[in-house]
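Single-structure report; data block below.
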Amino acid sequence: MDKYEIKRVGFVTVLCISVLFLTGSSVAFGQVTNTQVSVRTANTRSVPSGSKMKFQGVVIDRNADTFTIRDRTRTDYQVLITDNTSIKTHGGFLRGGKKYPVTDILRGLIVEVEGRGDAQGQLVADKIRFNESDMRAAVTSDTRVTPVEENQQRMAGQMDELYAIAQEARQQVAAINDRVSSLDDYDVQESIAVTFKVNSAVLSPEAKRQLDDFATKATAAKGFMIEVSGHTDSTGGEAKNMRLSRDRAESVVEYLTIAHKIPARRFITPMGYGKTEAVADNSTASGRAQNRRVQVKILVNRGLTGSSSTAPAKP
(Lines give C-alpha, C1' and ligand atoms only; values in the text may rest on other atoms or scores of the structure.)
Protein backbone atom coordinates (compact mmCIF):
# COMPACT_ATOMS: atom_id res chain seq x y z
CA MET A 1 0.00 0.00 0.00
CA ASP A 2 1.49 3.32 -1.01
CA LYS A 3 1.52 6.53 1.06
CA TYR A 4 -1.58 8.04 -0.60
CA GLU A 5 -3.67 4.91 -0.01
CA ILE A 6 -2.67 4.99 3.68
CA LYS A 7 -3.97 8.58 3.87
CA ARG A 8 -7.28 7.54 2.29
CA VAL A 9 -7.68 4.44 4.49
CA GLY A 10 -6.87 6.41 7.65
CA PHE A 11 -9.39 9.16 6.83
CA VAL A 12 -12.19 6.79 5.78
CA THR A 13 -11.64 4.70 8.92
CA VAL A 14 -12.06 7.81 11.11
CA LEU A 15 -15.42 8.56 9.48
CA CYS A 16 -16.60 4.94 9.74
CA ILE A 17 -15.65 4.57 13.41
CA SER A 18 -17.24 7.91 14.30
CA VAL A 19 -20.49 7.11 12.46
CA LEU A 20 -20.62 3.67 14.10
CA PHE A 21 -20.53 5.11 17.62
CA LEU A 22 -22.74 8.12 16.83
CA THR A 23 -25.57 5.83 15.70
CA GLY A 24 -25.67 4.22 19.16
CA SER A 25 -25.91 0.65 17.89
CA SER A 26 -27.34 -1.68 20.55
CA VAL A 27 -25.60 -4.80 19.24
CA ALA A 28 -23.27 -6.19 21.93
CA PHE A 29 -20.27 -8.46 21.41
CA GLY A 30 -19.54 -11.75 23.25
CA GLN A 31 -20.98 -11.90 26.75
CA VAL A 32 -21.56 -8.17 27.23
CA THR A 33 -25.21 -7.28 27.96
CA ASN A 34 -27.16 -4.98 25.66
CA THR A 35 -28.22 -2.49 28.38
CA GLN A 36 -27.98 1.05 26.96
CA VAL A 37 -25.61 3.49 28.63
CA SER A 38 -26.34 7.23 28.71
CA VAL A 39 -24.76 9.07 25.82
CA ARG A 40 -23.74 11.85 28.18
CA THR A 41 -21.83 9.66 30.67
CA ALA A 42 -19.15 7.16 29.76
CA ASN A 43 -19.69 4.70 32.67
CA THR A 44 -17.02 2.14 33.36
CA ARG A 45 -18.56 -1.23 34.15
CA SER A 46 -16.82 -3.64 36.52
CA VAL A 47 -16.10 -7.18 35.37
CA PRO A 48 -17.14 -9.81 37.96
CA SER A 49 -14.13 -11.43 39.59
CA GLY A 50 -13.27 -14.72 37.88
CA SER A 51 -15.83 -14.20 35.12
CA LYS A 52 -14.57 -15.10 31.64
CA MET A 53 -15.47 -12.51 28.99
CA LYS A 54 -14.77 -11.85 25.34
CA PHE A 55 -15.82 -8.68 23.56
CA GLN A 56 -14.87 -6.18 20.86
CA GLY A 57 -14.62 -2.41 20.96
CA VAL A 58 -12.47 0.69 20.51
CA VAL A 59 -9.56 1.69 22.78
CA ILE A 60 -10.47 5.15 24.14
CA ASP A 61 -7.78 5.60 26.81
CA ARG A 62 -4.25 4.20 27.35
CA ASN A 63 -1.84 3.94 30.27
CA ALA A 64 1.35 1.92 30.65
CA ASP A 65 -0.27 -1.43 31.55
CA THR A 66 -4.01 -0.70 31.26
CA PHE A 67 -6.41 0.65 28.68
CA THR A 68 -10.13 1.40 28.50
CA ILE A 69 -12.28 -0.22 25.80
CA ARG A 70 -15.73 1.03 24.74
CA ASP A 71 -18.15 -1.41 23.08
CA ARG A 72 -21.03 -0.56 20.75
CA THR A 73 -23.44 -0.09 23.68
CA ARG A 74 -21.14 2.72 24.92
CA THR A 75 -20.17 0.65 27.95
CA ASP A 76 -16.56 1.08 29.06
CA TYR A 77 -14.33 -1.65 30.53
CA GLN A 78 -10.84 -1.35 31.94
CA VAL A 79 -8.40 -3.95 30.60
CA LEU A 80 -5.17 -4.97 32.36
CA ILE A 81 -2.20 -6.23 30.31
CA THR A 82 0.18 -8.70 31.97
CA ASP A 83 3.35 -10.57 30.97
CA ASN A 84 1.11 -13.46 29.86
CA THR A 85 -1.09 -11.39 27.54
CA SER A 86 -0.84 -12.47 23.88
CA ILE A 87 -1.02 -9.42 21.55
CA LYS A 88 -1.32 -10.33 17.87
CA THR A 89 -3.06 -9.50 14.63
CA HIS A 90 -5.74 -11.77 13.21
CA GLY A 91 -4.69 -14.42 10.67
CA GLY A 92 -1.21 -14.34 9.17
CA PHE A 93 1.08 -17.31 8.45
CA LEU A 94 -0.62 -20.51 9.63
CA ARG A 95 -3.15 -18.19 11.32
CA GLY A 96 -0.56 -17.40 13.95
CA GLY A 97 -0.80 -13.61 13.51
CA LYS A 98 1.93 -11.02 13.94
CA LYS A 99 3.04 -10.22 17.48
CA TYR A 100 3.00 -6.59 18.68
CA PRO A 101 4.49 -4.94 21.78
CA VAL A 102 2.20 -3.48 24.44
CA THR A 103 3.19 0.06 23.39
CA ASP A 104 1.35 -0.36 20.08
CA ILE A 105 -2.08 -0.60 21.73
CA LEU A 106 -3.17 2.94 20.80
CA ARG A 107 -6.36 4.94 21.27
CA GLY A 108 -8.70 4.42 18.34
CA LEU A 109 -7.59 0.82 17.70
CA ILE A 110 -10.46 -1.68 17.28
CA VAL A 111 -9.57 -4.75 19.36
CA GLU A 112 -11.05 -8.07 20.43
CA VAL A 113 -10.23 -8.88 24.07
CA GLU A 114 -10.58 -12.16 25.94
CA GLY A 115 -9.83 -12.70 29.63
CA ARG A 116 -11.17 -12.92 33.19
CA GLY A 117 -12.22 -10.36 35.79
CA ASP A 118 -10.07 -9.55 38.82
CA ALA A 119 -10.86 -8.23 42.29
CA GLN A 120 -10.62 -4.62 41.08
CA GLY A 121 -13.26 -5.10 38.40
CA GLN A 122 -10.73 -5.06 35.56
CA LEU A 123 -10.57 -7.58 32.73
CA VAL A 124 -7.17 -9.31 32.92
CA ALA A 125 -6.46 -9.90 29.22
CA ASP A 126 -5.33 -13.34 28.05
CA LYS A 127 -5.60 -12.46 24.34
CA ILE A 128 -5.80 -9.21 22.38
CA ARG A 129 -6.44 -9.42 18.64
CA PHE A 130 -6.88 -6.77 15.93
CA ASN A 131 -6.59 -6.28 12.17
CA GLU A 132 -3.41 -4.94 10.53
CA SER A 133 -5.45 -2.31 8.65
CA ASP A 134 -6.95 -1.03 11.91
CA MET A 135 -3.45 -0.62 13.35
CA ARG A 136 -2.51 1.63 10.40
CA ALA A 137 -5.54 3.82 11.13
CA ALA A 138 -5.19 3.83 14.94
CA VAL A 139 -3.10 7.00 15.13
CA THR A 140 -5.77 8.94 13.25
CA SER A 141 -8.62 7.55 15.34
CA ASP A 142 -6.62 8.28 18.52
CA THR A 143 -6.60 11.99 17.78
CA ARG A 144 -10.08 12.28 16.24
CA VAL A 145 -12.62 9.81 17.65
CA THR A 146 -12.39 10.58 21.38
CA PRO A 147 -13.01 14.37 21.04
CA VAL A 148 -16.07 13.56 18.89
CA GLU A 149 -17.47 11.22 21.53
CA GLU A 150 -17.02 13.77 24.33
CA ASN A 151 -19.22 16.43 22.72
CA GLN A 152 -22.74 16.82 24.10
CA GLN A 153 -24.70 15.64 21.03
CA ARG A 154 -24.11 12.11 19.76
CA MET A 155 -26.97 11.35 17.38
CA ALA A 156 -26.59 10.39 13.74
CA GLY A 157 -28.41 13.48 12.51
CA GLN A 158 -25.66 15.76 13.81
CA MET A 159 -23.21 15.10 11.00
CA ASP A 160 -22.15 18.73 10.53
CA GLU A 161 -19.79 18.48 13.50
CA LEU A 162 -18.30 15.26 12.15
CA TYR A 163 -17.63 16.80 8.74
CA ALA A 164 -16.03 19.84 10.39
CA ILE A 165 -13.65 17.51 12.25
CA ALA A 166 -12.98 15.63 9.02
CA GLN A 167 -12.04 18.91 7.33
CA GLU A 168 -9.58 19.64 10.13
CA ALA A 169 -8.18 16.12 9.74
CA ARG A 170 -7.59 16.75 6.03
CA GLN A 171 -5.65 19.90 6.88
CA GLN A 172 -3.44 17.87 9.21
CA VAL A 173 -3.15 14.84 6.92
CA ALA A 174 0.56 15.33 6.24
CA ALA A 175 1.43 15.13 9.94
CA ILE A 176 -0.98 12.23 10.53
CA ASN A 177 0.40 10.26 7.59
CA ASP A 178 3.89 10.81 8.96
CA ARG A 179 2.85 9.22 12.27
CA VAL A 180 1.18 6.29 10.47
CA SER A 181 4.27 5.64 8.35
CA SER A 182 6.55 5.70 11.43
CA LEU A 183 4.72 3.32 13.79
CA ASP A 184 7.94 1.33 14.08
CA ASP A 185 10.05 4.41 14.93
CA TYR A 186 11.15 5.16 18.48
CA ASP A 187 12.63 8.17 20.26
CA VAL A 188 15.60 7.54 22.56
CA GLN A 189 14.85 9.20 25.91
CA GLU A 190 17.94 7.95 27.79
CA SER A 191 21.14 6.11 26.84
CA ILE A 192 23.98 4.81 29.02
CA ALA A 193 27.02 2.60 28.47
CA VAL A 194 28.24 0.22 31.20
CA THR A 195 31.75 -1.20 30.74
CA PHE A 196 33.32 -4.58 31.60
CA LYS A 197 36.72 -6.05 32.40
CA VAL A 198 38.63 -8.05 29.78
CA ASN A 199 36.91 -11.38 28.91
CA SER A 200 34.24 -10.74 31.55
CA ALA A 201 30.44 -10.40 31.47
CA VAL A 202 30.18 -9.71 35.22
CA LEU A 203 28.70 -6.35 36.24
CA SER A 204 30.98 -4.20 38.37
CA PRO A 205 29.62 -2.21 41.36
CA GLU A 206 29.90 0.97 39.25
CA ALA A 207 27.94 -0.66 36.39
CA LYS A 208 25.19 -1.67 38.85
CA ARG A 209 24.99 1.91 40.16
CA GLN A 210 24.58 3.16 36.59
CA LEU A 211 21.83 0.60 35.95
CA ASP A 212 20.07 1.52 39.22
CA ASP A 213 19.80 5.16 38.07
CA PHE A 214 18.74 4.01 34.61
CA ALA A 215 15.97 1.78 36.03
CA THR A 216 14.56 4.69 38.06
CA LYS A 217 14.24 6.79 34.90
CA ALA A 218 12.84 3.91 32.84
CA THR A 219 10.06 3.00 35.28
CA ALA A 220 9.03 6.68 35.42
CA ALA A 221 8.54 6.77 31.62
CA LYS A 222 5.19 6.06 29.96
CA GLY A 223 4.95 3.05 27.66
CA PHE A 224 8.72 2.51 27.50
CA MET A 225 10.82 -0.20 25.85
CA ILE A 226 14.49 -0.99 26.61
CA GLU A 227 17.11 -1.77 23.96
CA VAL A 228 20.25 -3.62 25.11
CA SER A 229 23.30 -4.18 22.86
CA GLY A 230 26.58 -5.83 23.90
CA HIS A 231 30.04 -5.07 22.48
CA THR A 232 33.69 -6.10 22.86
CA ASP A 233 37.10 -4.71 21.99
CA SER A 234 39.13 -6.07 19.06
CA THR A 235 41.18 -8.61 21.01
CA GLY A 236 40.28 -12.28 20.63
CA GLY A 237 38.58 -14.27 17.88
CA GLU A 238 35.38 -13.20 16.17
CA ALA A 239 33.24 -16.12 17.40
CA LYS A 240 34.43 -15.66 20.98
CA ASN A 241 33.70 -11.93 20.88
CA MET A 242 30.18 -12.51 19.55
CA ARG A 243 29.43 -14.90 22.44
CA LEU A 244 30.98 -12.53 24.98
CA SER A 245 29.01 -9.54 23.70
CA ARG A 246 25.75 -11.51 23.97
CA ASP A 247 26.63 -12.65 27.50
CA ARG A 248 27.25 -9.04 28.52
CA ALA A 249 23.90 -7.90 27.09
CA GLU A 250 22.07 -10.74 28.86
CA SER A 251 23.72 -9.94 32.20
CA VAL A 252 22.32 -6.38 31.98
CA VAL A 253 18.82 -7.65 31.15
CA GLU A 254 19.00 -10.15 34.02
CA TYR A 255 20.04 -7.44 36.51
CA LEU A 256 17.28 -5.00 35.47
CA THR A 257 14.66 -7.79 35.50
CA ILE A 258 15.58 -9.29 38.87
CA ALA A 259 16.88 -6.29 40.83
CA HIS A 260 14.32 -3.76 39.57
CA LYS A 261 11.35 -5.97 38.58
CA ILE A 262 11.18 -4.55 35.06
CA PRO A 263 8.86 -6.92 33.11
CA ALA A 264 10.49 -9.02 30.41
CA ARG A 265 7.98 -7.66 27.86
CA ARG A 266 9.65 -4.24 28.16
CA PHE A 267 12.89 -5.50 26.61
CA ILE A 268 13.67 -5.68 22.92
CA THR A 269 15.59 -8.92 22.25
CA PRO A 270 19.16 -8.24 23.51
CA MET A 271 21.82 -8.36 20.80
CA GLY A 272 25.57 -8.98 20.76
CA TYR A 273 27.63 -7.20 18.11
CA GLY A 274 31.09 -8.47 19.01
CA LYS A 275 33.80 -6.00 17.94
CA THR A 276 31.88 -4.62 14.93
CA GLU A 277 30.71 -1.32 16.46
CA ALA A 278 33.69 0.23 18.21
CA VAL A 279 33.25 3.71 19.68
CA ALA A 280 36.93 4.28 20.48
CA ASP A 281 40.40 3.42 19.15
CA ASN A 282 41.15 -0.27 19.77
CA SER A 283 44.90 0.36 19.43
CA THR A 284 44.98 2.02 22.89
CA ALA A 285 44.16 0.58 26.32
CA SER A 286 41.71 3.37 27.12
CA GLY A 287 39.95 2.90 23.77
CA ARG A 288 39.59 -0.85 24.29
CA ALA A 289 38.16 -0.21 27.76
CA GLN A 290 35.44 2.00 26.24
CA ASN A 291 34.60 -0.63 23.63
CA ARG A 292 34.06 -3.37 26.26
CA ARG A 293 30.55 -2.12 26.93
CA VAL A 294 26.80 -2.66 26.88
CA GLN A 295 24.68 0.18 25.49
CA VAL A 296 21.28 0.52 27.21
CA LYS A 297 18.54 2.80 25.87
CA ILE A 298 15.01 3.85 26.91
CA LEU A 299 12.78 3.93 23.81
CA VAL A 300 9.28 5.41 23.48
CA ASN A 301 7.11 4.73 20.41
CA ARG A 302 6.40 7.90 18.43
CA GLY A 303 2.90 6.69 17.67
CA LEU A 304 2.22 6.66 21.42
CA THR A 305 3.79 10.02 22.20
CA GLY A 306 2.54 11.77 19.07
CA SER A 307 5.99 13.20 18.26
CA SER A 308 6.80 13.91 14.61
CA SER A 309 9.08 11.48 12.80
CA THR A 310 10.61 14.44 10.97
CA ALA A 311 12.15 15.68 14.21
CA PRO A 312 15.71 14.47 14.82
CA ALA A 313 15.83 11.54 17.25
CA LYS A 314 18.27 11.33 20.09
CA PRO A 315 21.30 9.11 19.36
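Looking across segment 272-283, just one residue is surrounded by 16 or more Cβ atoms within 10 Å (Cβ to Cβ) and of a type in the set (A, V, I, L, M), and that is A278. The condition (being open to solvent by 30 Å² or more (accessible area, probe 1.4 Å), touching a residue at least 40 places away in the same chain (Cβ under 8 Å) and either in contact with a strand residue (DSSP E or B) (Cβ under 6 Å, 6 or more places away or on another chain) or of a type in the set (V, I, T) (or both)) is satisfied by just one residue among T235, T269, T257: T235. Just one of (1) under 14 Å from the mean Cα position of the chain (by Cα); (2) open to solvent by 30 Å² or more (accessible area, probe 1.4 Å); (3) modelled with pLDDT under 90 fails for R72. It is (1).
Kindly indicate the residue of segment 195-233 that is hydrophobic (A, V, I, L, M, F, W, C) and in a strand (DSSP E or B) and also modelled with the lowest pLDDT among those meeting that condition. Give the steps one after another, and end with the answer.
Applying the first criterion (hydrophobic (A, V, I, L, M, F, W, C)) to segment 195-233 yields 196, 198, 201-203, 207, 211, 214-215, 218, 220-221, 224-226, 228.
With the extra rule that they be in a strand (DSSP E or B), the set shrinks to 224-226, 228.
Working: F224: 89, M225: 92, I226: 95, V228: 96.
Checking each candidate, the answer is F224.
Show me the helices (runs of 4 or more DSSP H) entirely contained within segment 234-315 in which 2 or more residues are at pLDDT 95 or above.
On the way: elements: 238-260, 285-291, 302-305.
Result: 238-260, 285-291.
Can you tell me which condition G57 does not meet? The list is (1) open to solvent by 20 Å² or more (accessible area, probe 1.4 Å); (2) among the small types (G, A, S); (3) modelled with pLDDT of 80 or more; (4) touching a strand residue (DSSP E or B) at 6+ places or on another chain (Cβ under 7 Å), and all the others hold. Condition (1) is where G57 drops out. Taking residues in segment 46-58 that are of a type in the set (A, V, I, L, M), and partners anywhere that are open to solvent by 60 Å² or more (accessible area, probe 1.4 Å), the pairs with Cβ atoms closer than 7 Å and at least 6 places apart or on different chains are M53/G30; M53/Q31.
The values are calculated or read from the model by the stated rules, or taken from the named source; none is laboratory data. Model, not experiment: these values are computed from the prediction. Here Cβ is always computed from backbone atoms with ideal geometry, including for glycine, and neighbour counts include all displayed protein chains. Please note that ligands, DNA and RNA were not included when accessible areas were found on the heavy atoms of the full protein model with its side chains. Shrake-Rupley method; radii C 1.70, N 1.55, O 1.52, S 1.80 Å.
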